[in-house]
Amino acid sequence: MFNLNEYPLPFRETDLVPYMSVETVRLHHDKHLGTYIANLNKLIADTKYAEMDLREIILASAKDATATKIFNNAAQIFNHEFFFNCLGRGNNLIPDLMSDEFGGVAEFKEKFKAVANDVFGSGWVWVVRRPDKKFEIISTKNADTPIAHGLKPVLVLDLWEHAYYLDYQNRRADFVDCFLESLIDWKFVVDNLGVE
Ligand code: MN
């Protein structure tokens, strides 16, 4: 059984104002993530998945055509925990290791924005590290997650409407800009780079 209490926000609800409102943070964490957790608990009860940890559920259900709902809810839990961990107000610390690969900080931001602005419908924009250690900016649709494809997540932006609509309405590109400029906890990103 999974529990929302095991996924506390790593910041205070007011920390991201004005770039992300308290209402958005509260709904996103308590209601959206809470619902994915409640759904997963119901779906895995009395199945082989009930004995697995979250990552094991994601990897096993990704290969199980009968477990799409389990995959979607488990992956959303992973994606949201990672997303909330990426949020904070520590700026201007983009690791050289990463930005150099894109040709510099400005180039990294432009590439990230281009991938984000190409997302149609609900999805996620990621910086991932490939097995050869190269960084790449990719998007995934719906609940899909890099760990199901052997890629290590480095940074993620939630582009489902619930992530931004209360604060930005139809101005999704503004949300992407604010994320890059003001909402990333680069310390988490850097610390996480060394963890395999
Ligand atoms: Mn979300």
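The values are calculated or read from the model by the stated rules, or taken from the named source; none is laboratory data. These numbers were taken from a predicted model, which means no experiment stands behind them. Here Cβ is always computed from backbone atoms with ideal geometry, including for glycine, and neighbour counts include all displayed protein chains. Remember, those area values only see protein heavy atoms, side chains included, never the ligands or the DNA or RNA. Shrake-Rupley method; radii C 1.70, N 1.55, O 1.52, S 1.80 Å.
The table for this structure:
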read-out	value
Residue satisfying condition, being open to solvent by less than 50 Å² (accessible area, probe 1.4 Å) and within 16 Å of the ligand (Cβ to nearest atom), within set GLY121, GLY104	GLY121
Criterion (closer than 23 Å to LEU9 by Cβ and either surrounded by 16 or more Cβ atoms within 10 Å (Cβ to Cβ) or away from the ligand (no atom under 16 Å from the Cβ) (or both)) met by exactly one of ILE58, ILE70, ILE44	ILE58
Among (1) crowded, with 21+ Cβ neighbours inside 10 Å; (2) within 16 Å of the ligand (Cβ to nearest atom), the one test that LYS141 misses	(1)
Residue satisfying all of: in region 157-196; under 17 Å from the mean Cα position of the chain (by Cα) and basic (Lys, Arg); surrounded by the most Cβ atoms within 10 Å (Cβ to Cβ) among these	ARG172
Candidate set: region 19-33, residues that are open to solvent by less than 40 Å² (accessible area, probe 1.4 Å) and in contact (Cβ under 8 Å) with a residue 60 or more places away in the chain; chosen: the one farthest from the ligand (Cβ to nearest atom)	SER21
Qualifying positions in region 79-92 - within 16 Å of the ligand (Cβ to nearest atom) and either open to solvent by less than 30 Å² (accessible area, probe 1.4 Å) or of a type in the set (D, E, K, R) (or both)	ASN79, HIS80, GLU81, PHE82, PHE83, PHE84, CYS86, LEU87
Any hit, region 167-181, residues being β-branched (Val, Ile, Thr), at pLDDT 95 or above and within 14 Å of the ligand (Cβ to nearest atom)	no
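Residues are listed down the side, and each one gets a yes or a no for (1) in a loop (DSSP other than H, G, I, E, B); (2) of a type outside the set (Phe, Trp, Tyr):
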residue	(1), (2)
ILE58	no, yes
GLN76	no, yes
GLU81	no, yes
PHE84	no, no
ARG89	yes, yes
LEU93	yes, yes
ASP100	no, yes
ALA114	no, yes
